[in-house]
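The values are calculated or read from the model by the stated rules, or taken from the named source; none is laboratory data. Small disclaimer: the values here were computed from a predicted structure and weren't measured. Here the Cβ positions follow ideal geometry from the backbone for every residue, glycine too, while neighbour counts run over all protein chains shown.
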Amino acid sequence: MTRYGSRLLDQVFVRSGPIRWLVVGGALLIAAIAVGATLMAQNFRERALRNSGRELENTVLLLAYHFDQQLQDFAVIQKDFIDHVRLTGITTAEDYRKRLSSQDTHRLLRSKIEALPYMGGVNVIDADGNVINSSTAWPAPKVNVADRAYFRTFRYDPNSPDVLIAPLHSRISGAWTILIVRRIVGPNGEFMGMIGRGIEPANFEKFFESVLLGEGATISMLHRDGTLLARYPHSSEMMGKNFKTGPFEQQRIFGLDHFAGRITSPVDGEDRLISARALPHFPILMMATTTRAAALTDWREQIFILISVAGASALAIAGVLIAIVRKLLEQHRLSRERLTLEKLRLDRAVNNMTQGLLLFDASQRLVVCNQRYIEMYGLSPEVVKPGCSFHDIIAHRKATGSFSGNADQYVARVLRDVHVRNSMVVDTSDGRSIHILNEPLADGGWVATHEDVTERRRIEERITHLAHYDALTDLPNRAMFHEHLREALSGIIGGEELAVHYIDIDEFKGVNDALGHLVGDELLKAVAASLDRCAGPTDFVARLGGDEFAIVQTGVTSVDQVNELVARVFAAIRTPFDCMGHHLTTDASIGIALAPRHATALDQILKNADMAMYAAKAAGRRTHRFFEQAMDARVRERRQLEIDLRHAIAHGGLEVYYQPCLSLKDDRITGCEALVRWRHPERGMVSPAEFIPIAEDTGLINEIGEWVLTTACREAASWPDDIRLAVNVSPVQFKSGTLVLKIMAALAASNLPASRLELEITEAVLIRDDETTLAILHQLRAIGVRIALDDFGTGYSSLSYLHRFPFDKIKIDRGFVSDIAGPDGSSSIVQAVVNLASARRMTTTAEGVETEEQQRLLRTLGCSEMQGYLFSAAKPADKVVELFALHRSRLAQRRGHEGRRREAG
C-alpha cells in the first residue's frame, strides 16, 4: 500500500516547471489572438475596399449601358428624320427651310417623340441658325443659334463629326442644357441645317439619385473632352467645367474606355475610390466615386466587434490561467493530506468489497488480503496474513473445512496457469458456488478475487427457465415448442406419425373484456392445467401466446388416437372452471396436422395446423378440423385476392356505384348511398362480401374508405341540391384517429355542403371504446354532417346508443323487410322501430325493398324512405345522374295527370 501511495503522490505533485510552461503557453495564445485579430482587420479592410470598388464598377456599367441605349434611341430619331428629308426630295437650304417649318413636320416630330416617353423635345434648325420647328411647341419659338460654337463648327468645318454634344445655357428654357445635335446636308454637300435635342442635367441627376451608393458617393456624366455634363449631388458652379487638367492620372481617365482605382478628388480634395466607363457609341464618360472613409464604414464596425471579442478572449484566457495556477498551487499544498486520506479510503474499500481479494507477489507470497476473504471461508487472520504462501492458505482452508479437494493438486494447477488470466467456479462443502478470477501482474505476481455467485446462478437458472417456459401457466413457450417439435419431426420412425394440435380458446376475448384480465389469466392457468392432464406421457403441451395452446402428440399409429386426445381436450375444456369466484365455461377450436402425412418441415406443419384451426373457427367454432389441401388453396386464393385488391387500389381498379333512396311520402329521390365495386380483369365483378373483410383485416379499408369518400363527394357536388350523399364508414376507419380531418378535407376539396353528406355507421363502431367514438360523432355533427345508424336491430346495444347519441336516421335491416308481408312477419318490429325513430325525431330508411307489397306496407307503417331493387339497383355515376333526370320527368308527368284528373272531376 505504501508503494501505491508514492505513485499517487508523484502523479498529483505539481512542479514549478509545468506552471511556467502553462503561463508561457497562455501568453503565446494571447499573442496569437492579437496577431490574428490584426491580420483579420487588414483582411476585412481590403475586402471592404474591394467590395466598394466592385459596387462602383457595377453602377457605372449599368449607367453607361442605360444612357447609351437612350442616346441611341434619339440617334435613331435623328437618322429617321434625315431619311425623311431625303425621301421628300429636299435638296437646298431654302427648300429645307420652307418645307420643314410646317405644322405637318411638327406633328411628325411629336409622333416620333411620343413613342419614347423618356425622350425630351426635338428642335429643327435651318442653315442660318434659326429654330424653324420643335416637337414641344407650335409655332416654334423665335430663337437663333448662329453664334453658337457647335453651329459654326457644322457650318464652316466640313470635316467635323456628324454629331456633337455641347453643354450650354439654353436660349429657350434659360437653363443649363446638354445639347445633342446632328448635321443635315444636301445631296451636293450643302449645309442645310441640323436637328438637336436639349437635355437638362436634372434629368440625368434624378436617375443618378435613384442609384446613389450612400453617403459621400457621387455620380457624374462627363464629355470625353473633360467637360462636366451632369453630377449628383448637383453643383451649379461645376457644370460645364473641364476636368481634363491636373495630374496625369486624372487626365488618363478620359482617354480610357474603363478605369477603376483611387485618386485625390479635384473637387473636394478627398481620397476617393473611382470607377469610370465610356458609353460604347457616344463620347460620354460615366463616373462614380465614393470616399475611402465611406467605403470603410462597415469595416470600422467589424473592427470594433473584432477588437472587443479578441480583448474579451484575451482577458478570459488570462483569468483562466490565473485560476488554474492558483488551483494547482492549492493542490500542491493539499496533495500529501489527500494521499493519506486516499490510503485510508482504499483500505476501507478493499475491506468492504463484496468479493474476497488476495494479492500475491512473484514468489507466491501474500501481499494483501481483505476481510471479506477471511469471512467468506471462516479463516483465521493469524494464519492468512501478509507473508504466508499460497500453499499455506489452501492448506488452512483444507483444515477448516472450506476446501474439499486435493490441496497439492489444486495449488499446482493454479500456479501452472497463473501467468494468464483465468477463472473457475468451484462448489464448497456447504453448497455455495464461488467464482474465482486470477489476474496476472507484470512483476510475476497475481490478483485473485473470490465472489459468491450462488444467488446469481439461481437467478440465471430462473431466467433460462423463463426463456423456455410461459410465465403465467409454466407450460413450455413457443420457442421451446418449436425446438421440441423440430426434434420430434427428426425422430419419427416408420409406421408412426406425429400430430400437431393447435388449440384456440373460443370467446376468451369476451371474458377479458367483461371480467378483466385477472379473471382471464386464471382461466388460462386452469385451461393449461387441464390440457396438461389430458396429454399422454409422451405428449408435449405448450402455450403459444394469448389464448393459443398446442400439443405435440407422438407415436400416432391411427387417427383414432388423435380423435381420442381431441375428445379428452374438449371434455376438459368444457368442464366449468371456478376463476376468482366466477363460474366460467368455455370451448375451443382445434386444428390438427399430421407428419409426415401433411408435411415434414417444421414451418409447413405449423402452417398447416394453423390453417386447420382457422377452418374450425370458420365452421362455427367449438369443433376441430384436420388439415386438408383445399385449406391451403383457400389461403392462397385469399392471399392472391389481397394482392389483386392492393393492385386495384393503387391503379384505380375500384369504382363507386350509387343506389338511390326514395321517399315513401312523395316518391322523390332524397339521396344516394355510395357503394364500392371492384371489376376484376379476370374474375369480373367481385362481391364486396369477398373483398371488404379482406380490406378490414389488412387495414386497406382506410385507403378504400378515403378514396370512396373523396370520389363520392366530388361527384355528388354536381347533383341537384336536394339529393344527399350517404357514405359507409368502417369501424377500422374510426380507429385511425384522423376520420374527422379526412371528411373535412373531402368536403373542402369538392365544395359539397356538409349538410348534404350522411355517414352510415354500424353498431360495431360503437361497441369498443364508445366514449371516443361518440366524441368523434359529436365533432362530425358539429360541422353539419348527418349520422345514420345502419343495420338497426341486428345487434344488442342499439337502444342504449339511440339514447346516448341523437342519430339523424335509422336504417332498418333488409332481414326485417324481406318477411314483412308474412302472417308472422316482422311488421310489428318495423312499426316499433318507426315509432321509436319518430319519437326521437329521426327518419327511417328500409333496406332491400324488392316488391310493391313491401313498399305499400312500409308506407302504411309510416316508414320515411325505402331503398332496394324495386326502385333501382346501384348504378355508376353517369347512369344515376340520368336516373335523376328521368325520375323528375316522370314525377312531373304524373303530377300533371293527377292535376288534370282533379280538374276534370
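Let's see how each residue does on (1) among the hydrophobic types (A, V, I, L, M, F, W, C); (2) surrounded by fewer than 18 Cβ atoms within 10 Å (Cβ to Cβ):
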{"residue": "HIS396", "(1), (2)": "no, no"}
{"residue": "HIS419", "(1), (2)": "no, yes"}
{"residue": "ASN422", "(1), (2)": "no, yes"}
{"residue": "VAL426", "(1), (2)": "yes, yes"}
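Can you pull out the residues in segment 180-203 that are within 30 Å of THR290 (Cβ to Cβ) and either part of a strand (DSSP E or B) or at pLDDT 75 or above (or both)?
At the first step, the residues of segment 180-203 found to be within 30 Å of THR290 (Cβ to Cβ) are 180, 199-203.
Passing the criteria: ILE180, ILE199.
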Would you mind telling me which numbered condition in (1) surrounded by 11 or more Cβ atoms within 10 Å (Cβ to Cβ); (2) modelled with pLDDT under 85; (3) in a helix (DSSP H, G or I); (4) not charged (D, E, K, R) LEU315 fails? (2)
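Looking at ALA567, ALA572, ALA599, which one is touching a helix residue (DSSP H, G or I) at 6+ places or on another chain (Cβ under 6 Å) and free of Cβ contacts under 8 Å to residues at least 12 places away in the same chain? Before you say what the answer is, go through the steps one by one.
Working: ALA567 fails: touching a helix residue (DSSP H, G or I) at 6+ places or on another chain (Cβ under 6 Å); ALA572 fails: free of Cβ contacts under 8 Å to residues at least 12 places away in the same chain.
Every option except ALA599 fails the conditions.
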Return the residue satisfying two criteria in turn: it lies in segment 638-653 and is in contact with a Leu (Cβ under 9 Å, 6 or more places away or on another chain) and outside any loop (DSSP other than H, G, I, E, B), and of such residues it is farthest from ALA885 (Cα to Cα). GLU642
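Can you find, within segment 653-697, the residue that is surrounded by the most Cβ atoms within 10 Å (Cβ to Cβ) among those that are among the small types (Gly, Ala, Ser) and within 15 Å of LYS879 (Cα to Cα)?
Step one: of segment 653-697, the residues among the small types (Gly, Ala, Ser) are 653, 663, 671, 674, 684, 687, 689, 695.
Next, only the ones that are within 15 Å of LYS879 (Cα to Cα) stay: 671, 674.
Working: GLY671: 26, ALA674: 23.
This residue is GLY671.
Considering segment 253-293 alone, what residues qualify as being of a type in the set (D, E, K, R) and within 24 Å of HIS66 (Cα to Cα)? Break it down stepwise before answering.
Just the residues of segment 253-293 that are of a type in the set (D, E, K, R), to begin with: 257, 262, 268, 270-272, 277, 292.
Correct list: ASP257, ARG277.
Would you point out the residue of segment 701-729, among those that are β-branched (Val, Ile, Thr) and buried (at least 20 other Cβ atoms within 10 Å of the Cβ), that is farthest from CYS672 (Cα to Cα)? Let's see the steps before the verdict.
Kept after step one, since they are β-branched (Val, Ile, Thr), are these residues of segment 701-729: 701, 704, 708, 710-711, 723, 727, 729.
Now restrict to residues that are buried (at least 20 other Cβ atoms within 10 Å of the Cβ): 701, 704, 708, 727, 729.
Numbers: ILE701: 21, ILE704: 18, VAL708: 13, VAL727: 9, VAL729: 15 Å.
Going through the qualifying residues, I end up with ILE701.
Listed residues VAL785, VAL708, VAL765, VAL729; which is among the β-branched types (Val, Ile, Thr) and under 25 Å from ALA885 (Cβ atoms)? Don't jump to the end; show me each part of the working.
Values: VAL785 fails: under 25 Å from ALA885 (Cβ atoms); VAL765 fails: under 25 Å from ALA885 (Cβ atoms); VAL729 fails: under 25 Å from ALA885 (Cβ atoms).
Result of the check over VAL785, VAL708, VAL765, VAL729: VAL708.
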Do you know which residues across segment 841-866 are touching a Ser or Thr at 6+ places or on another chain (Cβ under 7 Å) and more than 17 Å from SER826 (Cβ to Cβ)? THR843, SER864, GLU865
Test SER558 against the criterion of being free of Cβ contacts under 8 Å to residues at least 60 places away in the same chain and out of contact with any Cys (no Cβ under 9 Å at 6 or more places or on another chain), and give yes or no. yes
Does any residue of segment 399-408 turn out to be over 60 Å from the mean Cα position of the chain (by Cα), surrounded by 12 or more Cβ atoms within 10 Å (Cβ to Cβ) and aliphatic (A, V, I, L, M)? yes
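Quick grid of which residues meet (1) under 25 Å from the mean Cα position of the chain (by Cα); (2) not acidic (Asp, Glu):
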residue: GLU673; (1), (2): no, no
residue: PRO688; (1), (2): no, yes
residue: LYS742; (1), (2): yes, yes
residue: SER755; (1), (2): no, yes
If you check every pair at least six apart or on different chains, which have Cβ atoms under 7 Å apart with a residue in segment 514-528 that is assigned by TED's automatic domain parsing to the domain that holds ALA542 first and a residue that is surrounded by 16 or more Cβ atoms within 10 Å (Cβ to Cβ) and part of a helix (DSSP H, G or I) second? VAL519/VAL511; GLY520/PHE508; GLY520/VAL511; GLY520/ASN512; LEU523/VAL511; VAL527/ILE573
Taking VAL425 as the residue in question, decide whether it is under 56 Å from the mean Cα position of the chain (by Cα), farther than 30 Å from ALA528 by Cβ and either part of a loop (DSSP other than H, G, I, E, B) or not assigned by TED's automatic domain parsing to the domain that holds SER363 (or both). no
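Restricted to segment 351-367, and to residues that are more than 28 Å from ARG456 (Cβ to Cβ) and among the polar types (S, T, N, Q), which residue is farthest from the chain's Cα centre (by Cα)? Talk me through it step by step, then tell me what you get.
First, pick out the residues of segment 351-367 that are more than 28 Å from ARG456 (Cβ to Cβ): 361-365, 367.
Next, only the ones that are among the polar types (S, T, N, Q) stay: 363-364.
On the way: SER363: 69, GLN364: 67 Å.
Step by step, filter segment 351-367, then rank; the result is SER363.
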Considering each residue of segment 524-560, count those that are farther than 22 Å from GLY491 by Cα and within 46 Å of the chain's Cα centre (by Cα), and give that number. 8
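Conditions (1) small (Gly, Ala, Ser); (2) in contact with a strand residue (DSSP E or B) (Cβ under 6 Å, 6 or more places away or on another chain); (3) in the same structural domain as ALA34 (by TED's automatic domain parsing); (4) not in a helix (DSSP H, G or I), marked per residue:
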site	(1), (2), (3), (4)
ILE324	no, no, yes, no
GLN331	no, no, yes, no
ARG345	no, no, yes, no
SER380	yes, no, no, yes
VAL383	no, no, no, yes
ILE394	no, no, no, no
Please indicate, with yes or no, whether at least one residue in segment 476-494 is assigned to a helix (DSSP H, G or I), more than 44 Å from the chain's Cα centre (by Cα) and free of Cβ contacts under 8 Å to residues at least 12 places away in the same chain. yes
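From GLU46, GLU57, which residue is out of contact with any helix residue (DSSP H, G or I) (no Cβ under 6 Å at 6 or more places or on another chain), surrounded by 15 or more Cβ atoms within 10 Å (Cβ to Cβ) and modelled with pLDDT of 80 or more?
Values: GLU46 fails: surrounded by 15 or more Cβ atoms within 10 Å (Cβ to Cβ).
On inspection, the qualifying residue turns out to be GLU57.
Identify, from the list THR400, THR340, the residue that is among the β-branched types (Val, Ile, Thr) and not assigned by TED's automatic domain parsing to the domain that holds ASP452.
Working: THR400 fails: not assigned by TED's automatic domain parsing to the domain that holds ASP452.
Matching residue, one of THR400, THR340: THR340.
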Wholly within segment 655-760, which strands (runs of 3 or more DSSP E) include no fewer than the required count, namely at least 1 residues that are within 27 Å of GLU852 (Cα to Cα) and not aliphatic (A, V, I, L, M)? 669-680, 724-728
For the condition touching a residue at least 12 places away in the same chain (Cβ under 8 Å) and in a strand (DSSP E or B), what is the one hit in ILE303, ILE253, ILE274? ILE274
Here's a check for you: in segment 529-546, which residue that is in contact (Cβ under 8 Å) with a residue 12 or more places away in the chain and more than 23 Å from ALA467 (Cβ to Cβ) is surrounded by the most Cβ atoms within 10 Å (Cβ to Cβ)? CYS534
Determine which member of the set PHE74, PHE154, PHE81 is within 60 Å of the chain's Cα centre (by Cα) and part of a helix (DSSP H, G or I). PHE74
Working only within segment 730-754, note down all residues that are of a type in the set (Gly, Ala, Ser), surrounded by 16 or more Cβ atoms within 10 Å (Cβ to Cβ) and at pLDDT below 90. SER730
